[in-house]
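Working notes, beginning with the structure itself.
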Protein chains: 2
Amino acid sequence: MNIEIAKENKLAELFGALSEPNRIRIIKILRDSDHELNCGEVSRLLQIAPSTVSYHFKALRQAGLTKTRQQAQTKYLSLNMETFNRYLPSFLDSL
Amino acid sequence: MNIEIAKENKLAELFGALSEPNRIRIIKILRDSDHELNCGEVSRLLQIAPSTVSYHFKALRQAGLTKTRQQAQTKYLSLNMETFNRYLPSFLDSL
DNA sequence: AAACTATTTCTATGAATATCGAAATAGCAA
DNA sequence: TTGCTATTTCGATATTCATAGAAATAGTTT
């Protein structure tokens, strides 16, 4: 019954980041893949424009759900497990 | 890696319904409360207009997260545990 | 330096959201 | 039936979102 404004706002932010099917797919691919993902690969896999993928990457990153490693011009995405463990434990299993 | 369009769309819909702080609060209050909630009570608790609460109730209901029981003019909201168990197991514990 | 590759930002657009107050709907009670 | 109470719908508005193409940014390779 007691209200924790900060936590509820953070959860709402996380769910907002997860409220788009392609972003769910990105998370799922990251969970199942044996390699990191870059923008171009996701663009080809999901058949959407690179600029749209970049937009989704940004949304996931800003919410704290993913991390980025840069190698040359390419940016590789991976899951930020701290966030999942802290706010959405066991969510990845139910995907 | 294999894509399940229907499931991902459903999850995105559920997360959309949970992407608003006041709706998270409604779910949380329902989880912790010993009684069902109606529109007026939530309006007073969260300090938002009854019409806005009604809008949020509808969003939660349409996503399948809650159920409604009507008694006279009053509609009582409760959690739809089937949906939580099926798509978001253990989510309520992490709230 | 010039050409190439990968990503991001910008611009534009159409769709969806959150909000409130007012009006409508519907049941209850005197 | 008239008034009271609870909720929903409607109308209006301001904001945010998802999308793509074009332009900009930045690293690579020759």
B:LEU92 - accessible surface, heavy atoms, 1.4 Å probe, Å² rounded to 10:
20 Å²
With N residues in the protein assembly as shown, what two-decimal value do you get for its Cα radius of gyration over 2.2 N^0.38 Å?
1.12
Can you tell me the 0 to 90 degree angle between the C-alpha axis of helix B:5-17 and the longest principal axis of chain B, rounded to 10?
30 degrees
Calculate for chain B the 222 nm mean residue ellipticity that helices alone would give, adding -39,500 (n - 2.57) per DSSP H run of length 4 or more and normalising by residue count, nearest 500 deg cm²/dmol.
-17500 deg cm²/dmol
How many Å² of accessible surface get buried when A and B come together, counting both sides, probe radius 1.4 Å, rounded to the nearest 100?
2400 Å²
Environment charge at B:ASN2 (Cβ cut-off 14 Å; Lys +1, Arg +1, Asp -1, Glu -1)
+1
Roll a 1.4 Å probe over the protein chains and send me the accessible area per residue for the protein assembly as shown in Å².
52 Å²
Given +1 on the Cβ of Lys and Arg, -1 on the Cβ of Asp and Glu, and no further charges, what dipole in debye does the range B:5-88 carry about its Cα centre, rounded to the nearest 20?
120 debye
Kirkwood Rh, Cα atoms: Rg over Rh of chain B
1.00
XL table A:LYS7/A:LYS58; A:LYS10/B:LYS10; A:LYS67/B:LYS67; A:LYS67/B:LYS7; A:LYS67/B:LYS58; A:LYS28/B:LYS75; Cα-Cα > 28 Å flagged, in table order, is A:LYS67/B:LYS67; A:LYS67/B:LYS58; A:LYS28/B:LYS75
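On the protein heavy atoms, probe 1.4 angstrom, tell me the percent of accessible surface of the range B:5-88 carried by carbon and sulfur. Spell out each step's value before the answer.
Details: 2010 of 4250 Å².
So the carbon and sulfur contribution to the accessible surface is 47 percent.
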Proximal charge balance of A:ILE24 [Cβ under 11 Å; K/R count +1, D/E count -1]
+2
Can you tell me the 0 to 90 degree angle between the C-alpha axis of helix A:21-32 and the longest principal axis of chain A, rounded to 10?
80 degrees
Environment charge of B:GLN70, counting only residues whose C-beta is closer than 14 Å and scoring Lys/Arg +1, Asp/Glu -1
+3
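The values are calculated or read from the model by the stated rules, or taken from the named source; none is laboratory data. Predicted, not measured: the structure shown is a model, and the values here were computed from it. All Cβ positions, even for glycine, are placed from backbone atoms using ideal geometry, and neighbour counts span all protein chains on display. Remember, those area values only see protein heavy atoms, side chains included, never the ligands or the DNA or RNA. Shrake-Rupley method; radii C 1.70, N 1.55, O 1.52, S 1.80 Å.
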